[in-house]
1. Which residues, counting only those in segment 66-77, are closer than 19 Å to Phe121 by Cα and free of Cβ contacts under 8 Å to residues at least 40 places away in the same chain?
2. Being within 20 Å of Asn72 (Cα to Cα) and either assigned to a loop (DSSP other than H, G, I, E, B) or open to solvent by less than 40 Å² (accessible area, probe 1.4 Å) (or both) is true for just one of Asp147, Asp123. Which residue is that?
3. When only residues in segment 89-130 that are in contact (Cβ under 8 Å) with a residue 60 or more places away in the chain and under 17 Å from Ile45 (Cα atoms) count, which is nearest to the chain's Cα centre (by Cα)?
4. Tell me, yes or no, whether segment 34-49 has at least one residue that is of a type in the set (Gly, Ala, Ser) and in contact with a strand residue (DSSP E or B) (Cβ under 7 Å, 6 or more places away or on another chain).
Amino acid sequence: MSSASSSVRRIAATVLAAGAVVGAAALPAAAHDGDRHHQRPRVEISRVQADSPGREDRSNRSLNSEWVEITNTTRDGINLRGWTLRDRDGNRYRFDNVRIAPRATIRIHTGNGRDTRTDLFQDRRNYVWDNGSDTATLRDDRGRTVDTETWGRRR
(Lines give C-alpha, C1' and ligand atoms only; values in the text may rest on other atoms or scores of the structure.)
Protein backbone atom coordinates (compact mmCIF):
# COMPACT_ATOMS: atom_id res chain seq x y z
CA MET A 1 0.00 0.00 0.00
CA SER A 2 2.89 2.28 0.56
CA SER A 3 3.63 2.23 -3.16
CA ALA A 4 -0.01 2.97 -4.05
CA SER A 5 -0.30 5.86 -1.58
CA SER A 6 2.98 7.25 -2.84
CA SER A 7 1.57 7.21 -6.42
CA VAL A 8 -1.63 8.89 -5.28
CA ARG A 9 0.40 11.61 -3.53
CA ARG A 10 2.52 12.16 -6.66
CA ILE A 11 -0.57 12.41 -8.88
CA ALA A 12 -2.26 14.80 -6.44
CA ALA A 13 0.88 16.96 -6.28
CA THR A 14 1.09 17.03 -10.07
CA VAL A 15 -2.56 18.02 -10.40
CA LEU A 16 -2.17 20.77 -7.79
CA ALA A 17 0.99 22.09 -9.45
CA ALA A 18 -0.71 22.12 -12.86
CA GLY A 19 -3.66 23.99 -11.35
CA ALA A 20 -1.32 26.58 -9.85
CA VAL A 21 0.42 27.12 -13.20
CA VAL A 22 -2.90 27.52 -15.04
CA GLY A 23 -4.18 29.92 -12.35
CA ALA A 24 -1.03 32.04 -12.50
CA ALA A 25 -1.21 32.22 -16.29
CA ALA A 26 -4.88 33.27 -16.19
CA LEU A 27 -4.33 36.06 -13.65
CA PRO A 28 -2.68 38.58 -16.00
CA ALA A 29 -5.31 37.87 -18.67
CA ALA A 30 -8.14 38.49 -16.20
CA ALA A 31 -6.50 41.69 -14.99
CA HIS A 32 -6.14 42.84 -18.60
CA ASP A 33 -9.87 42.26 -19.29
CA GLY A 34 -10.78 44.98 -16.79
CA ASP A 35 -8.37 47.52 -18.26
CA ARG A 36 -10.59 50.18 -19.87
CA HIS A 37 -7.83 51.43 -22.16
CA HIS A 38 -7.85 48.16 -24.11
CA GLN A 39 -11.61 47.77 -24.42
CA ARG A 40 -13.74 49.36 -27.08
CA PRO A 41 -16.21 51.75 -25.46
CA ARG A 42 -19.86 50.74 -25.48
CA VAL A 43 -20.72 54.18 -26.84
CA GLU A 44 -18.09 56.00 -28.86
CA ILE A 45 -17.56 59.24 -30.73
CA SER A 46 -17.55 57.85 -34.24
CA ARG A 47 -17.28 61.01 -36.43
CA VAL A 48 -16.88 64.76 -36.04
CA GLN A 49 -17.54 67.50 -38.56
CA ALA A 50 -16.08 70.55 -36.84
CA ASP A 51 -15.73 72.66 -39.96
CA SER A 52 -19.15 73.24 -41.43
CA PRO A 53 -18.99 73.18 -45.25
CA GLY A 54 -19.40 76.46 -47.10
CA ARG A 55 -19.40 79.91 -45.61
CA GLU A 56 -19.54 80.10 -41.84
CA ASP A 57 -22.17 82.80 -41.48
CA ARG A 58 -23.71 81.59 -38.18
CA SER A 59 -26.95 80.73 -39.99
CA ASN A 60 -28.87 77.82 -38.50
CA ARG A 61 -28.06 75.79 -41.62
CA SER A 62 -24.34 76.42 -41.17
CA LEU A 63 -24.49 75.73 -37.41
CA ASN A 64 -26.27 72.42 -38.02
CA SER A 65 -23.58 71.41 -40.51
CA GLU A 66 -21.25 71.26 -37.52
CA TRP A 67 -21.88 68.01 -35.64
CA VAL A 68 -20.59 65.06 -33.62
CA GLU A 69 -21.78 61.50 -34.14
CA ILE A 70 -21.90 58.95 -31.35
CA THR A 71 -22.44 55.25 -31.95
CA ASN A 72 -23.74 52.50 -29.68
CA THR A 73 -21.45 49.55 -30.41
CA THR A 74 -23.50 47.02 -28.41
CA ARG A 75 -26.53 44.82 -29.05
CA ASP A 76 -28.49 46.62 -26.32
CA GLY A 77 -30.16 50.02 -26.28
CA ILE A 78 -28.55 52.53 -23.91
CA ASN A 79 -30.24 55.46 -22.17
CA LEU A 80 -27.99 58.54 -22.35
CA ARG A 81 -29.91 60.54 -19.72
CA GLY A 82 -27.43 62.72 -17.86
CA TRP A 83 -24.53 62.04 -20.24
CA THR A 84 -22.60 65.06 -21.55
CA LEU A 85 -20.68 66.03 -24.66
CA ARG A 86 -18.08 68.80 -24.13
CA ASP A 87 -15.49 70.68 -26.11
CA ARG A 88 -12.09 71.80 -24.84
CA ASP A 89 -13.45 75.27 -23.92
CA GLY A 90 -16.07 73.78 -21.59
CA ASN A 91 -19.15 74.13 -23.81
CA ARG A 92 -21.44 71.32 -22.69
CA TYR A 93 -24.44 69.54 -24.16
CA ARG A 94 -26.41 67.42 -21.68
CA PHE A 95 -28.51 64.53 -22.98
CA ASP A 96 -32.09 64.34 -21.73
CA ASN A 97 -34.03 61.09 -21.81
CA VAL A 98 -32.39 59.89 -25.04
CA ARG A 99 -32.16 56.21 -25.87
CA ILE A 100 -29.66 55.11 -28.48
CA ALA A 101 -30.72 51.90 -30.18
CA PRO A 102 -28.39 48.91 -30.55
CA ARG A 103 -25.65 49.49 -33.14
CA ALA A 104 -27.19 52.89 -33.95
CA THR A 105 -25.65 56.32 -34.46
CA ILE A 106 -26.96 59.69 -33.27
CA ARG A 107 -25.75 62.98 -34.73
CA ILE A 108 -25.61 65.97 -32.36
CA HIS A 109 -25.90 69.23 -34.33
CA THR A 110 -24.82 72.61 -32.95
CA GLY A 111 -27.80 74.73 -34.11
CA ASN A 112 -31.56 74.66 -33.57
CA GLY A 113 -33.88 71.90 -34.69
CA ARG A 114 -36.39 69.28 -33.65
CA ASP A 115 -34.85 66.25 -31.96
CA THR A 116 -35.45 62.85 -33.56
CA ARG A 117 -34.11 59.39 -32.76
CA THR A 118 -31.16 59.99 -35.13
CA ASP A 119 -30.56 63.76 -34.82
CA LEU A 120 -30.28 65.92 -31.72
CA PHE A 121 -29.82 69.69 -31.58
CA GLN A 122 -27.88 71.77 -29.06
CA ASP A 123 -29.98 74.87 -29.90
CA ARG A 124 -26.94 77.17 -29.96
CA ARG A 125 -26.44 80.37 -31.94
CA ASN A 126 -22.64 80.12 -32.04
CA TYR A 127 -20.23 77.45 -33.26
CA VAL A 128 -18.91 75.03 -30.64
CA TRP A 129 -16.20 72.98 -32.31
CA ASP A 130 -12.96 74.73 -33.32
CA ASN A 131 -12.14 73.93 -36.93
CA GLY A 132 -8.36 73.75 -36.51
CA SER A 133 -8.05 72.02 -33.16
CA ASP A 134 -10.39 70.77 -30.45
CA THR A 135 -11.37 67.76 -28.35
CA ALA A 136 -14.85 66.27 -28.01
CA THR A 137 -15.35 64.42 -24.72
CA LEU A 138 -18.29 62.13 -24.02
CA ARG A 139 -19.01 61.45 -20.33
CA ASP A 140 -21.58 59.17 -18.73
CA ASP A 141 -24.12 60.19 -16.08
CA ARG A 142 -21.50 59.67 -13.35
CA GLY A 143 -19.00 62.01 -15.02
CA ARG A 144 -16.70 59.21 -16.19
CA THR A 145 -15.06 59.75 -19.57
CA VAL A 146 -16.48 57.26 -22.06
CA ASP A 147 -14.64 58.44 -25.18
CA THR A 148 -12.71 61.40 -26.60
CA GLU A 149 -11.89 62.54 -30.10
CA THR A 150 -9.15 65.10 -30.75
CA TRP A 151 -8.26 66.75 -34.04
CA GLY A 152 -5.71 69.29 -35.25
CA ARG A 153 -2.86 70.72 -33.25
CA ARG A 154 -3.34 71.64 -29.65
CA ARG A 155 -3.12 75.36 -28.93
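The values are calculated or read from the model by the stated rules, or taken from the named source; none is laboratory data. All figures in this text were calculated on a predicted structure; none of them were measured in a lab. Glycine gets a Cβ as well: all are built from the backbone with ideal geometry, and neighbour counts include every protein chain shown. Calculation scope for accessible area: heavy atoms of the full protein, side chains included, ligands and nucleic acids excluded. Shrake-Rupley method; radii C 1.70, N 1.55, O 1.52, S 1.80 Å.
1. Keep residues of segment 66-77 that are closer than 19 Å to Phe121 by Cα, which gives 66-72.
If the condition is that a residue be closer than 19 Å to Phe121 by Cα and free of Cβ contacts under 8 Å to residues at least 40 places away in the same chain, then Glu69, Thr71, Asn72 are the ones that fit.
2. Values: Asp123 fails: within 20 Å of Asn72 (Cα to Cα).
Answer to the selection: Asp147.
3. Let us first name the residues in segment 89-130 that are in contact (Cβ under 8 Å) with a residue 60 or more places away in the chain, namely 124-130.
Now drop any that are not under 17 Å from Ile45 (Cα atoms), which leaves 128-130.
Numbers: Val128: 20, Trp129: 19, Asp130: 21 Å.
Residue satisfying both the conditions and the ranking: Trp129.
4. Going residue by residue through segment 34-49, those that are of a type in the set (Gly, Ala, Ser) are 34, 46.
From what is left, the residues that are in contact with a strand residue (DSSP E or B) (Cβ under 7 Å, 6 or more places away or on another chain) are 46.
Checked against the condition, which is being of a type in the set (Gly, Ala, Ser) and in contact with a strand residue (DSSP E or B) (Cβ under 7 Å, 6 or more places away or on another chain), segment 34-49 yields at least one hit.
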